[in-house]
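J.: Pasting a structure below so you can have a look.
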Amino acid sequence: MPYYVYILTNRRNGALYVGVTNHISRRTREHRRGTAESFTKLHNVNRLVYIEEHLDIEQAILR
């Protein structure tokens, strides 16, 4: 199962958020919808700017 490290932002030179997930489309959809009380909802961080795939969760977390 692949794992993904991803970076979101709210605007150019704005806030950044780094996350790890095993289902990138579901997770980015959750960020866009603001479904949870979180940093990303508070700061409107929902633009995907970077993604990389890893085969091991520990590698993804370390990255």
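J.: Given (1) without any contact (Cβ under 8 Å) to a residue 40 or more places away in the chain; (2) not in a strand (DSSP E or B), identify the lone condition not met by A60.
T.: A60 satisfies every listed condition except (1).
J.: Take the residues in the range 1-41 that are of a type in the set (S, T, Y) and surrounded by 15 or more Cβ atoms within 10 Å (Cβ to Cβ); name whichever of them is nearest to the chain's Cα centre (by Cα). Walk me through how you get there before you give the answer.
T.: If we filter the range 1-41 for residues that are of a type in the set (S, T, Y), which is where we start, we get 3-4, 6, 9, 17, 21, 25, 28, 35, 38, 40.
Of the ones still in play, those that are also surrounded by 15 or more Cβ atoms within 10 Å (Cβ to Cβ) are 3-4, 6, 9, 17, 21, 28, 40.
Details: Y3: 11, Y4: 8, Y6: 4, T9: 9, Y17: 6, T21: 7, T28: 6, T40: 9 Å.
If we take residues in the range 1-41 being of a type in the set (S, T, Y) and surrounded by 15 or more Cβ atoms within 10 Å (Cβ to Cβ), then Y6 is nearest to the chain's Cα centre (by Cα).
J.: OK, next. Anything in the range 17-46 that is outside any loop (DSSP other than H, G, I, E, B) and over 16 Å from V5 (Cβ atoms)? List them, or say none.
T.: Filtering the range 17-46 down to residues outside any loop (DSSP other than H, G, I, E, B) leaves 17-21, 24-33, 39-42.
Selection gives R29, E30, R32, R33, F39, K41, L42.
J.: Just for the range 47-57: of the residues that are assigned to a strand (DSSP E or B), of a type outside the set (V, I, T) and out of contact with any helix residue (DSSP H, G or I) (no Cβ under 7 Å at 6 or more places or on another chain), which one is surrounded by the most Cβ atoms within 10 Å (Cβ to Cβ)?
T.: Let us first name the residues in the range 47-57 that are assigned to a strand (DSSP E or B), namely 47-54.
Of the ones still in play, those that are also of a type outside the set (V, I, T) are 47-48, 50, 52-54.
In the following step, the residues that additionally are out of contact with any helix residue (DSSP H, G or I) (no Cβ under 7 Å at 6 or more places or on another chain) were identified as 47, 50, 52-53.
Working: R47: 16, Y50: 11, E52: 11, E53: 11.
For the range 47-57, the residue satisfying everything is R47.
We did not get these values from a lab; they are worked out from the coordinates using the rules stated. Because the structure is predicted, anything quoted here is derived from the model rather than measured. Here the Cβ is made from the backbone with ideal geometry for all residues, glycine too, and neighbour counts use every protein chain on show.
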